[in-house]
1. Calculated FRET efficiency, Lys112 and Ala237, Cβ-Cβ r, R0 30 Å, to nearest 0.05?
2. For the range 174-204, which trypsin sites (Lys or Arg not before Pro) pass both filters: DSSP loop (anything but H, G, I, E, B) and at most 12 other C-beta atoms within 10 Å?
3. Of the beta bridges DSSP finds with both residues in the range 161-270, what % are antiparallel, to the nearest 5?
4. Could you work out the helix-only [θ] at 222 nm for the chain, with each DSSP H run of four or more residues adding -39,500 (n - 2.57) and the total divided by the number of residues, to the nearest 500 deg cm²/dmol?
5. Using every Cα-Cα pair within the range 31-148, state what percent have a distance larger than 26 Å.
6. Within the range 47-61, list the residues whose amide N lies under 14 Å from a label point set 7 Å along Cα→Cβ of Asp73.
7. Could you tell me which residue out of Ile261, Ala168, Tyr199 lies farthest along the dipole of the chain toward its positive end? Charges go on the beta carbon: Lys and Arg +1, Asp and Glu -1, centred on the Cα centre.
8. Counting Lys and Arg as +1 and Asp and Glu as -1, each charge on the Cβ, what is the dipole of the chain about the Cα centre in debye, to the nearest 20?
Amino acid sequence: MLDSCKGFRLSLIAALVFVLAACSSSVRVGQECEIIAHRGGSSLAPENSIAAIEKSIDLGVDAVEVDVRMSADGYVIVMHDKRVDRTSNGHGLVKRLSLDELKSLRLLTLAKEISDENIPTLDEVLACVAGRCKVLIEIKEDDCRGIEQAVADVVARRNAEDWVAVQAFSDDVLERLAEIGVSFPLEKLFVFKLPFLPYIYDKGFSRFSFKKYSYIASFNVKKEFARKGLVKKIQGACKKVKVWTLKEGESAAPGGINGVITDYPQLFKP
């Protein structure tokens, strides 16, 4: 009973936070703010494709963000969804398809037309970028033990430690990477923090403290909930703040956020 009451109170507070943030929040982008192309730059070409990444790099972005999952035969695949259905001409779960099966598919354009782009591996993405900008890798699943080491191995093989970071919603994923002892930055994704309470919402409620997340370099929060007080508190703890997913550019703000993750990098890098 006590647990259910606590859950109800947290849900009620969360709903209030959503309403207040939707009414009042605003993010302004300064010149020192990193521009990160979400899903490679999904408005420019098929999401998470080599073509999108190349176009974003041509624009001069500071980083590209890609999502990764594991194939049935243990390759790190660049794909946002659990299934390939929405973004390709195929069907099925990524984790049930082999690399050869995934490579036989073609990615879809925004107009849902079949493109010439295939589903890349993380290795291919890092080979393409080759240090021309940073790469922010989001590990999308926490039910596949071994993906952390697999990602770390690909990064090491490409000597990409100096220009790669990994983000995730899952504490388990981030903690396993920290235990491995990776040298690249780890970044914590969450939606919002409850005001006056030590909880964040990251697909579920998690207790928040800087001691708990001492190994985290950046907290990446949903744009609508990047309140000035929260940004100041995080930066005061010598951590960075990035917001997702920004779709409009605004004027510079002193002491603003450190990075924006956006589907529309062309709005910030014309």
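None of the figures in this text is laboratory data; all of them are computed from the coordinates on show. Nothing here was measured: the structure is a model prediction, and the numbers come from that model. In this analysis, Cβ positions are derived from the backbone assuming ideal geometry, glycine residues included, and neighbour counts consider all displayed protein chains.
1. Approximately 0.10, to the nearest 0.05.
2. Answer by residue number: Lys203.
3. Restricted to the range 161-270, the bridges split so that about 25 percent are antiparallel.
4. After summing the helix terms and dividing by the residues of the chain, the value is -8500 deg cm²/dmol.
5. Numbers: 1048 of 6903 pairs.
The proportion of pairs with Cα distances above 26 Å equals 15 percent.
6. Counting only backbone N, you get no residues.
7. So the residue we want is Tyr199.
8. Working: 38 positive and 37 negative charges, 256 e Å.
In total the dipole reaches around 1220 debye.
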